[in-house]
1. Bin width 10 Å, alpha-carbon pairs only: give the P(r) of region 56-114 as whole percents, running from 0 to the bin holding the largest distance.
2. Shape verdict for region 22-125, please, from the Cα gyration tensor: rounded (a/c under 1.5), prolate (a/b greater than b/c) or oblate.
3. Check each of the trypsin sites (Lys or Arg not before Pro) in region 36-67 and keep only those in coil by DSSP with at most 13 other C-beta atoms within 10 angstrom; list them in order.
4. Of all alpha-carbon pairs in region 41-85, indicate the percentage at a distance above 13 angstrom.
5. Roughly how many nanometres apart are two label points built 7 Å out from the Cα toward the Cβ at Ala101 and Leu125?
Amino acid sequence: MKTPDLPMLDRLPEGVARGLQDFQAVAARLLGPSLQALVLFGSGAEGRLRVTSDLNLLLVFRELTPQHLADLREPLRQMEALHRARFMLLLQEEVPAALEAFPDKFMDILRRHQVLLGSDPFAGLVIDPLRLRQMADENRSPFGTAFCESIDARFGISTGISAADRATTV
């Protein structure tokens, strides 16, 4: 399985980076070719993990069996206990449907993810911007302004509040 070059691990706390490398090796050994990809997303993928941040990991499988889950139980538990890891498990064939069903969540994942192992499960996939959820369920604006969930740009912004940052936002 392909292991990408991971310079972003240098921007994570040493213990977290070591934990990710160890988990990557264990997952590859236990799951073999059934594991399509291991993806870090969120603040950890940006190298901006804080003490209060969760470590978000997506495991994408070619196939997932009860034995795979049993094999992963202890490594997942250790990552959760030591590094506040949170996991999402998907079959490769479910990825396009997941993007369609949860466009807001996956827009953020697409914007802030790093492939730790395997190939990018999102390669070639796009989210229809018209599927993004409205910020207000009931729009009472007299002008009918379409308020949508804001998604910050990946690069070139600071707080996301300034007019320049908002103009860069998706």
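The numbers here are math on the coordinates, done by the rules we state, and not lab data. The structure presented is a predicted model; accordingly, all values stated were derived computationally and were not measured. Heads up, the Cβs are rebuilt from the backbone with ideal geometry, glycines too, and the neighbour counts pull from every protein chain shown.
1. 19, 47, 32, 2
2. The shape class here is oblate.
3. When the trypsin sites (Lys or Arg not before Pro) of region 36-67 are filtered for loop state and at most 13 Cβ neighbours within 10 Å, Arg48, Arg50 remain.
4. Here the long-distance tail beyond 13 Å is 62 percent of all Cα pairs in region 41-85.
5. Inter-label distance under the simple model: 1.2 nm.
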